[in-house]
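Here's the structure, in structure tokens; my notes come after.
The values are calculated or read from the model by the stated rules, or taken from the named source; none is laboratory data. Please read these numbers as outputs of a predicted model, since none were measured by experiment. With ideal geometry, Cβ positions are generated from the backbone for all residues, glycine too; neighbour counts draw on all protein chains shown.
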Protein chains: 2
Amino acid sequence: MAEVAKQDLLVGVDLGGTKILTGVFTSQLKLLATAKLSTKPERGFETIVSRIARCIRDAVDEADMNIRQVRAIGIGAPGAIDTESGEVIFAPNLRWKNAPLKRELEKALDLPVFVENDCNVCALGVHEVELEGKPKSMVGLFLGTGIGGGLILDGRLYGGFNRTAGEIGHMVIEVGGPKCGCGNRGCFEALASRTAIFRRINEAIKGGSKSILPEFLKPGEDLNDLKSGDLRKAIRKGDKLVEKIVEEAAEYTGIAIANLINILNPEYVVLGGGVMDALADDMMSIIVETAHDYAMPGTDQGIQIVASKLGDQAGITGSAVLARRASKN
Amino acid sequence: MAEVAKQDLLVGVDLGGTKILTGVFTSQLKLLATAKLSTKPERGFETIVSRIARCIRDAVDEADMNIRQVRAIGIGAPGAIDTESGEVIFAPNLRWKNAPLKRELEKALDLPVFVENDCNVCALGVHEVELEGKPKSMVGLFLGTGIGGGLILDGRLYGGFNRTAGEIGHMVIEVGGPKCGCGNRGCFEALASRTAIFRRINEAIKGGSKSILPEFLKPGEDLNDLKSGDLRKAIRKGDKLVEKIVEEAAEYTGIAIANLINILNPEYVVLGGGVMDALADDMMSIIVETAHDYAMPGTDQGIQIVASKLGDQAGITGSAVLARRASKN
């Protein structure tokens with residue numbers, strides 16, 4: 001067993017609508033082990049809490065450690081969070097409303113628990129472990145099924161008046177554009193998320209365009225069952241339709257980033273999420289070029305636009321950072 | 001002569017491409033007197049500096065005070081400012097590049113001078129004198145010939161990495177939309193500024209729409225010579241075309257504000273500038289309704305969207321606030 005002082009471990013939890021991912025870290029943020037469970041939101045709040053607790057115990061066991069060596073637990077949860085009380089105010093993917101996550105998980109594990117929005121902890125993780133010199137300002141932008149963001153301003157997570165800042169996916173960039181899940185039209189999320197990319201490919205195929213993507217489908221599946229990695233595969237095989245639509249998503253992303261540079265002028269913009277993890281090679285150069293094109297002259301000097309390398313560990317890493325910061329206070 | 005202790009006065013300067021406006025304030029920000037001069041940017045930097053100095057002396061004299069009673073001078077200038085050195089890095093309206101405004105004006109008047117971006121000082125003025133309880137976060141949005149903004153975050157002016165944050169006018173909200181002065185398309189400024197409103201009215205008239213605006217023109221003038229107040233007059237006289245285009249500008253403004261609420265979640269959004277000063281009665285209800293429509297559910301709770309009542313005194317007031325804050329350090 002590795003030498004770890006009592007109560008020196010941190011646990012980061014990435015709670016999604018589909019799966020729970022947990023990671024055990026040293027206080028220097030070295031990842032020792034992970035565990036994964038499906039979320040099963042249909043079973044209700046109490047069951048999810050006990051599944052999170054089990055997944056935490058599994059990761060600690062996997063690391064050959066004891067739960068009593070854990071100092072604190074951080075959780076990134078999808079939705080609006082009351083970070084003071086640790087309540088999840090509203091999380092449609094989990095079917096939760098006013099769910100006392102901190103209280104119940106602290107009861108289950110007898111350990112301090114800290115809860116934040118999932119995109120906020122991802123931004124925190126990227127800021128803490130990926131960026132040299134910990135820049136004062138950073139926007140984390142996460143492209144997956146949806147699009148979310150997290151803001152680091154003056155070196156700290158910025159939440160704003162209702163603690164909901166960073167809803168970058170619902171910035172309207174094309175008035176009258178395609179319908180978004182939020183009910184509006186032309187949101188960035190409705191133009192460049194994985195869902196939006198597949199919707200546009202689907203529409204093009206129905207309109208007669210050729211693509212090899214349908215060949216990837218198993219019986220009974222439709223295009224919505226495919227993943228960002230399938231887009232990459234299709235592009236590698238010369239699929240011009242997929243290439244074009246992914247490039248357009250990259251252009252929209254560049255415009256969204258230019259808007260953020262014009263408004264917030266952050267030192268870093270860091271991109272992550274499933275779409276970026278799979279397609280950074282195809283999208284980043286277009287994103288960076290478009291962002292500089294659209295930013296006001298002079299405002300973008302020295303600003304770095306980069307892809308995160310944390311992949312699906314961004315959530316557990318950021319949650320561990322949250323646990324470390326919060327348990328220091 | 002009023003009782004004012006030695007060096008207890010503040011001077012605020014609103015430096016625009018067309019006119020210089022100066023105001024003398026007590027340290028409690030009571031306005032004692034103002035003065036105005038045309039800028040005459042074609043005469044070059046040194047002449048403008050001496051015109052600013054003259055306009056300051058005029059206002060002090062108007063207030064029956066002596067320049068030796070002034071503690072500090074604040075200036076809001078249009079463009080990118082290095083607030084440390086007080087240099088105006090780039091101000092196309094003034095034809096300036098790397099203009100040492102602070103240094104030269106301090107030489108001319110032998111008094112401390114502090115320089116900031118004009119929209120930033122307007123935001124500072126609104127925040128300091130108009131809002132009760134000085135909210136932690138506020139966006140000031142100024143609609144005039146162009147559109148600019150200033151951000152107060154955590155109670156302080158926020159400048160970002162290059163000190164250019166708040167370029168809200170160049171947020172793209174309609175990809176592929178009308179051409180903007182910055183070279184891009186679909187910027188908020190190209191859709192809702194005074195210039196954009198008159199351009200759209202002009203296009204509609206050329207397309208055969210009826211408007212009474214051309215009746216307001218003096219010989220040799222065209223629509224671009226008219227002011228925001230003429231739009232109000234036309235609406236009061238029942239001009240349906242002007243009413244419709246002003247309402248559309250209000251909708252675009254509401255969408256831009258929803259974007260800011262989604263991204264930054266400020267406690268207050270305060271609107272000012274010539275367009276708002278003239279047309280707040282016609283635009284505000286549409287702006288507020290559209291902003292709440294487009295903000296993500298739950299994010300806009302309790303957020304106030306209001307029109308500033310400072311009118312064209314926002315600049316001198318904010319510059320006086322800047323002078324007070326900076327000369328305290």
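Overview of results
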item	result
Filter result for residue A:230 (surrounded by fewer than 24 Cβ atoms within 10 Å (Cβ to Cβ) and either of a type in the set (Phe, Trp, Tyr) or in contact with a Phe, Trp or Tyr (Cβ under 7 Å, 6 or more places away or on another chain) (or both))	yes
Matching residues, the range A:69-125, being more than 17 Å from the chain's Cα centre (by Cα), in a strand (DSSP E or B) and touching a residue at least 40 places away in the same chain (Cβ under 8 Å)	A:70, A:71, A:72, A:73, A:82, A:96, A:99, A:113, A:114
Residue ID - nearest to residue A:275 (Cα to Cα), chosen from residues in the range A:289-311 that are in contact with a helix residue (DSSP H, G or I) (Cβ under 7 Å, 6 or more places away or on another chain) and in a loop (DSSP other than H, G, I, E, B)	A:308
Qualifying residue in the range A:293-304 (condition: within 18 Å of residue A:266 (Cβ to Cβ) and away from chain B (no Cβ under 14 Å))	no
Which listed residue, of B:271, B:223, is of a type in the set (A, V, I, L, M, F, W, C) and modelled with pLDDT of 95 or more	B:271
When residues of the range A:133-163 are limited to those that are assigned to a loop (DSSP other than H, G, I, E, B) and touching a Phe, Trp or Tyr at 6+ places or on another chain (Cβ under 7 Å), the one farthest from the other protein chains (Cβ to nearest Cβ)	A:135
Options B:253, B:290, B:317: the member that is buried (at least 19 other Cβ atoms within 10 Å of the Cβ), more than 20 Å from the chain's Cα centre (by Cα) and either at pLDDT 95 or above or within 14 Å of another protein chain (Cβ to nearest Cβ) (or both)	B:290
Some residue of the range A:239-247 being outside any helix (DSSP H, G or I) and out of contact with any Gly (no Cβ under 7 Å at 6 or more places or on another chain)	yes
Selected residue (criterion: farthest from the other protein chains (Cβ to nearest Cβ)) from residues of the range A:164-197 that are surrounded by fewer than 20 Cβ atoms within 10 Å (Cβ to Cβ) and in a strand (DSSP E or B)	A:179
